[in-house]
Amino acid sequence: MTTNVRVREMRWWDIGPVLELERALFPDDAWSKGLFWSELAHARGAGATRRYVVAEEASGSEGGRGGRVVGYAGLAAIDGTGDVQTIAVAQEQWSTGLGSRLLRELLTAATDFECREVLLEVRVDNTRAQRLYERFGFEGVGVRRGYYQPGNVDALVMRLSDPLSAVQGMTHGSQG
């Protein structure tokens, strides 16, 4: 499991390490530094509409900034609908439960934002991620042709109609 990994709020100093992981995992369509800055600007203060978290390896030093970033995730919330903006886990952390932890964080945020549903897009060729989302109750509701550019890869649009029930149902899973 991911016991040596902690999940916390993403801050501005995380953008560099997050970008490194982003580029390693999504070399053809990585987010830009500016996009992460913009998203974080909407995640702070009164009226915040975003929640971004990072997963980092434990550093052993109390009160420090922690260790290496091994995952991150973000959610936007607008008018009762949550939208998973991004979720990523370093390959060496695959199959450890970290993806579930990050998704649970986003769904908890969605309930905090009083979202009645959560949407996301996932590459049609990313069956690993699709299985994760299905375990939480997401269902395919459509396809966006050529959504991921360059590469012209289709996106499967998935919807979760009750994020609160999904979070409650997954509390018996690994908390790590």
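Which members of region 79-119 meet the condition of being closer than 20 Å to ARG68 by Cβ and among the aliphatic types (A, V, I, L, M)? Residues satisfying the conditions are ILE87, ALA88, VAL89, ALA90, LEU98, LEU102. Looking across region 16-43 at every residue that is outside any helix (DSSP H, G or I) and under 17 Å from LEU106 (Cβ atoms), the one that is modelled with the highest pLDDT is identified as TRP31. Among the residues making up region 21-40, those that are surrounded by 13 or more Cβ atoms within 10 Å (Cβ to Cβ) and closer than 17 Å to LEU102 by Cβ are LEU21, GLU22, LEU25, PHE26, TRP31, PHE36, GLU39, LEU40.
How about region 121-160: which of its residues are touching a Gly at 6+ places or on another chain (Cβ under 9 Å), polar (S, T, N, Q) and at pLDDT below 95? If the condition is that a residue be touching a Gly at 6+ places or on another chain (Cβ under 9 Å), polar (S, T, N, Q) and at pLDDT below 95, then ASN152 is the only one that fits. Where strands (runs of 3 or more DSSP E) sit wholly within region 101-176, those with at least 1 residues that are under 19 Å from TYR72 (Cβ atoms) occupy 117-123, 139-148.
Counting only residues that are part of a loop (DSSP other than H, G, I, E, B) and either over 12 Å from the mean Cα position of the chain (by Cα) or of a type in the set (D, E, K, R) (or both), region 5-15 holds 1 of them. A count restricted to region 109-132 and to residues that are surrounded by 15 or more Cβ atoms within 10 Å (Cβ to Cβ), more than 22 Å from THR49 (Cα to Cα) and hydroxyl-bearing (Ser, Thr, Tyr) stands at 0. I'd like to know if region 41-61 contains one or more residues that are among the hydroxyl-bearing types (Ser, Thr, Tyr), in contact with a Cys (Cβ under 8 Å, 6 or more places away or on another chain) and surrounded by fewer than 21 Cβ atoms within 10 Å (Cβ to Cβ). Within region 41-61, none of the residues are among the hydroxyl-bearing types (Ser, Thr, Tyr), in contact with a Cys (Cβ under 8 Å, 6 or more places away or on another chain) and surrounded by fewer than 21 Cβ atoms within 10 Å (Cβ to Cβ).
The values are calculated or read from the model by the stated rules, or taken from the named source; none is laboratory data. Predicted model, so just to flag it, every value in this text is computed and none were measured. Here Cβ is always computed from backbone atoms with ideal geometry, including for glycine, and neighbour counts include all displayed protein chains.
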